[in-house]
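Note sheet for the following structure.
The values are calculated or read from the model by the stated rules, or taken from the named source; none is laboratory data. In this text, all values refer to a predicted model and were calculated from it rather than measured experimentally. Positions of Cβ are backbone-derived with ideal geometry, glycine not excepted, and every protein chain shown enters the neighbour counts. What goes into the accessible areas is simple: the full protein's heavy atoms, side chains included, and nothing from ligands, DNA or RNA. Shrake-Rupley method; radii C 1.70, N 1.55, O 1.52, S 1.80 Å.
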Amino acid sequence: MLTSLSILITIALSAPLEKSNTQPRFDTHDPGPTDPTVTHIKPWKSVPIDPEYGGNWCVTGDLDGDGVAEIVSAKNKYNNGIHYTTSAVAHRLDGSILWKWGNPQEGQAYNGYDVGLQIYDWDKDGSNEVILLTRGELVELNGRTGEEKRRFDIPERATDCLVFANLSGSSHPQEIIVKDRYRRIWAYDVAGNQLWGGNWKPGGFPTAHQPRPIDIDNDGKDEIMAGYVMLNSDGSTRWIYRSKVMDQSHGHLDCCRILTRGATPEQFRLILTCCGDNNIACVDGNGKIIWERPGHHFESVQIGKIFPALSGEQLLVDIAHCPPGENPLWVMDAAGRVLGKIMLHSSRIHDLIDWTGDGVNEIIVSADRGIFNHRGKRITTLATGSPGGALLRGDMTGDGICDITIITPEPIAAHIFKNDKGTTPAGCGCGVNFTLY
C-alpha cells in the first residue's frame, strides 16, 4: 500500500509541467506512413531472409573478414516456458547464403522477444564467432563457415538470452550471462565453467529481459543489472532498487540505460523502465532514487541529443500496450520532465541517429517506419512495404557512419537504409549484446 508521502510524490511527478519559453515542446499526432506529403525513401538494399532456417531475429556483423557486414537470422522454439535457438542462416548483403545451421523444422520464425544468438569475437583472434543458445547447450560457430567450434552444457531453461560481460577484469569481455524467463540467472567463463548463479529471483524480483553489464565502480569488472537488483561481478547482491511510488510485485525491469557515467557510483545516472509496474525511474550507481514518474507502461529507452538548442542529452521512451493508433513516444529531459510527445499507431521499436547531418539525433521508429525531427514531425517514411519489427543501428555500407536496418516479419527481410548525410559514427554491424529492449 502506498504511504501518504508516496501518494504526494506520485501526484507531483504525474502533474503536467509548466510551459517554459526555454524548453522546446511538441505534442503531435502522426498521420502514419501512408501520408503522401512526406518523402518516402527506398532501402539501399533489401535482403530476403531464408524462410526455412531464418526468422525475424537478426544480428549483423562482419563474419568473413572483408570489412562488410553480413546478416545472421535465427528461428527460436518456445516450449513450456523454455526459449532456445533451433536454426540459423548467414546472408551476405547480396542475398546469397554464407552458411546454415541447425534444425529448421523445430522452431518458429516470428518471435517478439530477444533470442539467444549474438555475433562476437569471443577468442579475440580478429574474427567474429556466432554464439547461440540451443536447448541445454551453448554452441559456438565459426563465423566464416558456420561450422561448430565447440559446445558446452548450460541449464535447460537458461537459454532465454545471451550477454557478454567482463567479470574477471580482463582486457576483453569473455564471460557470459544466461538466464531463464524470468526467475534465474547464471554466469560462465569462456571455458564453460559456471561462476555463479541459479538463485531463484535475484534480489527477490524477476530478471530483466536482458541483463545489463555496467562497470559501476570503475574497477575494470562489470556489475550486472539483473532486474531490480544490481549484482557484483561475483554474483552477490550490490543493491536493490526499491520504488517509492509503485508496488513492484506486478512486473520486472524492461530495460536499463546509462544516462550519465561518472568517476564514482554516486555520479552515475541509470534510467530504468518497469514492465507491468508502470514506472520509469532514474537512480544513481548506488541505487539511490533521483526521480520516478509512474503511471504508464514505459518500455524501451534511448539516450541522445535531440533538441539543438537544449544543453545535454534527452531520453526517448515509448509507452507500450496501448490501443492501435494511440501509442505515445515521449522525449524527456534528464530530470524526468516531458519535453515532447508523438502519438503513433505503434511506437515500437525506436532509436536515435543523426540522419540529416545537423549534428543532433533524429527519432527513428520501426513499426511506423518513420524518421521524426525535434519538433515531432515525420520528415521521412522508410519504405519497407510492411510494418517494421527489429531495428538495428550500425554501419552496413563500410563508411563508418550509422545506417538503419529494419527487419520486416512478413515477409521476413532486412531492409538497409544508407545514411548519406548523417554523422553518427558506428562500427560494422549492430555490435555485441544487441537487444529489442
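Just checking, does region 371-387 include any residue being in a strand (DSSP E or B), open to solvent by 40 Å² or more (accessible area, probe 1.4 Å) and not β-branched (Val, Ile, Thr)?
Kept after step one, since they are in a strand (DSSP E or B), are these residues of region 371-387: 371-372, 378-382.
Now drop any that are not open to solvent by 40 Å² or more (accessible area, probe 1.4 Å), which leaves 379.
Subset that is not β-branched (Val, Ile, Thr): none.
The answer is no, given that none of the residues of region 371-387 is in a strand (DSSP E or B), open to solvent by 40 Å² or more (accessible area, probe 1.4 Å) and not β-branched (Val, Ile, Thr).
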Search result, residues across region 21-33 that are among the charged types (D, E, K, R), open to solvent by 30 Å² or more (accessible area, probe 1.4 Å) and at pLDDT 95 or above: 27
Give just the number: which of (1) surrounded by fewer than 22 Cβ atoms within 10 Å (Cβ to Cβ); (2) in a strand (DSSP E or B) does residue 113 not satisfy? (2)
Going through (1) within 17 Å of residue 245 (Cα to Cα); (2) in contact (Cβ under 8 Å) with a residue 24 or more places away in the chain; (3) of a type outside the set (Val, Ile, Thr); (4) out of contact with any Leu (no Cβ under 7 Å at 6 or more places or on another chain) one by one, residue 288 fails only at (2)
Within the bounds of region 359-369, is there any residue that is closer than 14 Å to residue 306 by Cα, assigned to a loop (DSSP other than H, G, I, E, B) and at pLDDT below 95? yes
Pair list, Cβ under 6 Å, 6 or more apart: region 170-182 residue at negative phi, other residue among the charged types (D, E, K, R) and in a loop (DSSP other than H, G, I, E, B): 172/124; 175/189; 179/160; 180/157; 180/160; 181/160
Just checking, does region 12-19 include any residue being in contact with a strand residue (DSSP E or B) (Cβ under 7 Å, 6 or more places away or on another chain), modelled with pLDDT of 95 or more and either surrounded by fewer than 17 Cβ atoms within 10 Å (Cβ to Cβ) or not in a strand (DSSP E or B) (or both)? no
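Residue by residue, here is whether (1) free of Cβ contacts under 8 Å to residues at least 60 places away in the same chain; (2) open to solvent by less than 10 Å² (accessible area, probe 1.4 Å); (3) in a strand (DSSP E or B); (4) not aliphatic (A, V, I, L, M) holds:
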{"position": "35", "(1), (2), (3), (4)": "no, no, no, yes"}
{"position": "40", "(1), (2), (3), (4)": "no, no, yes, yes"}
{"position": "52", "(1), (2), (3), (4)": "yes, no, no, yes"}
{"position": "59", "(1), (2), (3), (4)": "no, yes, yes, no"}
{"position": "72", "(1), (2), (3), (4)": "yes, yes, yes, no"}
{"position": "83", "(1), (2), (3), (4)": "no, yes, yes, yes"}
{"position": "105", "(1), (2), (3), (4)": "yes, no, no, yes"}
{"position": "118", "(1), (2), (3), (4)": "no, yes, yes, yes"}
{"position": "127", "(1), (2), (3), (4)": "no, no, no, yes"}
Out of the residues in region 200-234 that are surrounded by 24 or more Cβ atoms within 10 Å (Cβ to Cβ) and among the charged types (D, E, K, R), which is nearest to the chain's Cα centre (by Cα)? 212
Do you know which residues across region 395-437 are open to solvent by 10 Å² or more (accessible area, probe 1.4 Å) and acidic (Asp, Glu)? 395, 399, 410, 420
Can you name the residue in region 129-144 that is charged (D, E, K, R) and open to solvent by 40 Å² or more (accessible area, probe 1.4 Å) and is also farthest from residue 157 (Cα to Cα) among such residues? 144
Out of region 233-279, which residues are within 20 Å of residue 305 (Cα to Cα) and among the basic types (Lys, Arg)? 257, 261, 269
Which condition number does residue 167 fail, the rest of (1) part of a strand (DSSP E or B); (2) more than 18 Å from residue 81 (Cβ to Cβ) being met? (1)
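Suppose we filter region 281-295 for residues that are touching a Gly at 6+ places or on another chain (Cβ under 9 Å) and within 17 Å of residue 267 (Cβ to Cβ); how many remain? Give the steps one after another, and end with the answer.
First, pick out the residues of region 281-295 that are touching a Gly at 6+ places or on another chain (Cβ under 9 Å): 281-282, 284-285, 290-293.
Keeping just the survivors that are within 17 Å of residue 267 (Cβ to Cβ) gives 282, 284-285, 290-291.
The qualifying residues number 5.
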